[in-house]
């Protein structure tokens, strides 16, 4: 059974999640990918406040397709996360507690996650049409000039995610694969 | 001499951009369904079910939000005269298709300045002159989650078949969960540095239910698929059998001193749509 969680995350909830957990996330998440992360970190470097409340924030690495009239959003699946690795530690130190994306993270991000008690969630890459159904509203926050890369506030309902890396540094990309290979070896013996 | 109006090319490209991004081709649907049948790891089965559901959810919205760079392959019959500017006609088709289809504009006009071109142009245009008086247009939108995991190596002749296999398997291993597995692995072997990379991309255009016409390479495609699906990466990298749906190999003659090998990875949203004018 998936766990139900709410964003923004509170510290206890974030710390209770474990790599491999299936979760359904509801609440407010912010979108940001390459270009927006660069600008957010430039703000942080100048000591200026971010354009959204970062405490407990969950950031979804997504650049959606444009919404058709009457729809909240277009297709909205995750982008590959390692491109945000240069920026993620800065945001984690400012209070970010959740990141949604797909693919590997670097050791510096995992170290910053452990320090912050933060979680990295995987959404199914390539399943943008399905994931869009969980987005109830999308509102521009800033950086409209970036188009698909602008920061948007999304209200989501039961967004299906998997905990990939937890606040202790457990990593499903390693444990999931190892478990499958162990089972496969056992069957072949 | 048959005349084709550039405006007809624009219309076809626009249609194909929308079709490719919103409807998963039958060969890809079939390959995903077959992989689901063969998958024995419950967590992986669950993800494949979601991916199948997503394929059915397209139409109104694109299957994937990365509606890609528009790779446009033209086979131009030598007996055709095109009335108008061909490159402009293709770009105009991309511009219209991406606007009318509510597709994402994912192109920056300069790789370092990085300002969005706003209309997903220019297309990545490939033209081949062929005998005859037909114009075949294939649009294959290419997402960059998988494109970024692609590689090329100028291997030595002494590396041989084993070197080629090792390079391909290493490319898939290094890519791991990043390119949205299950993936399609396009392989180019031979030619020159640039032709080899193009071969790997062209390999991705071959239908997933059509093996290489050469029995040796058809067997190599099968062998590599089996080896890739023994890596355990699995759908989304969470573990499982289904790391790849297919391996597609294309080859060219090459130089006595060289053995180029390129791997162009595609995700499970392996989009392509074709029309013949």
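Taken together, the values in this text are just the output of simple stated rules run on the coordinates, not laboratory data. What you see is a predicted model; the values in this text were computed from it and never measured. Every residue, glycine as well, gets a Cβ built from its backbone with ideal geometry; the counts of neighbours run over all protein chains shown.
Note: relative contact order over chain B, using C-alpha pairs below 8 Å and six or more positions apart, is 27 percent. By how many degrees, between 0 and 90 and to the nearest 10, does the Cα long axis of helix A:107-116 differ from the longest principal axis of chain A? Rounded to the nearest ten degrees, it is 80.
Rounded if a/c is under 1.5, else prolate if a/b beats b/c, else oblate: with a ≥ b ≥ c from the C-alpha gyration tensor eigenvalues square-rooted, which is region B:145-270? Taking the square roots of the gyration eigenvalues as a ≥ b ≥ c, region B:145-270 is prolate. Relative to the first principal axis of the alpha-carbon coordinates of chain B, what is the inclination of helix B:193-203, with its axis defined by its Cα atoms, in degrees from 0 to 90 and to the nearest 10? The answer is roughly 90 degrees.
Label positions at residue B:194 and residue B:230, each projected 7 Å from the Cα along the C-beta direction, are separated by 3.9 nm. Using a ≥ b ≥ c from the Cα gyration tensor of the protein assembly as shown (square roots of the eigenvalues), is it rounded, prolate or oblate, where a/c under 1.5 gives rounded and otherwise the larger of a/b and b/c decides, a/b for prolate? Taking the square roots of the gyration eigenvalues as a ≥ b ≥ c, the protein assembly as shown is oblate.
Compared with the dominant Cα axis of chain A, that is its longest principal axis, helix A:34-45 is turned about 70°. Taking 7 Å along the Cα-to-C-beta vector as the label spot, tell me the residue A:144-residue A:86 distance in nanometres, rounded to one decimal. Output for this residue pair reads 2.8 nm. Seen through its C-alpha gyration tensor, with square-root eigenvalues sorted a ≥ b ≥ c, region B:167-209 comes out oblate because a/c lies at 1.5 or above while a/b is not bigger than b/c. A Förster radius of 22 Å, combined with the Cβ-Cβ distance separating residue B:23 from residue B:209, puts the computed FRET efficiency at roughly 0.80. Pairs of Cα atoms in region B:80-217 fall into 5 Å distance bins, from 0 up to the last occupied one, in shares of 2, 7, 13, 16, 18, 17, 12, 8, 5, 1, 0 percent. Using the Cβ-Cβ distance between residue B:119 and residue B:78 with R0 = 35 Å, the FRET efficiency computed as 1/(1 + (r/R0)^6) comes to roughly 0.65. A Förster distance of 25 Å, applied to the separation of the beta-carbon atoms of residue B:34 and residue B:216, puts the FRET efficiency at 0.60.
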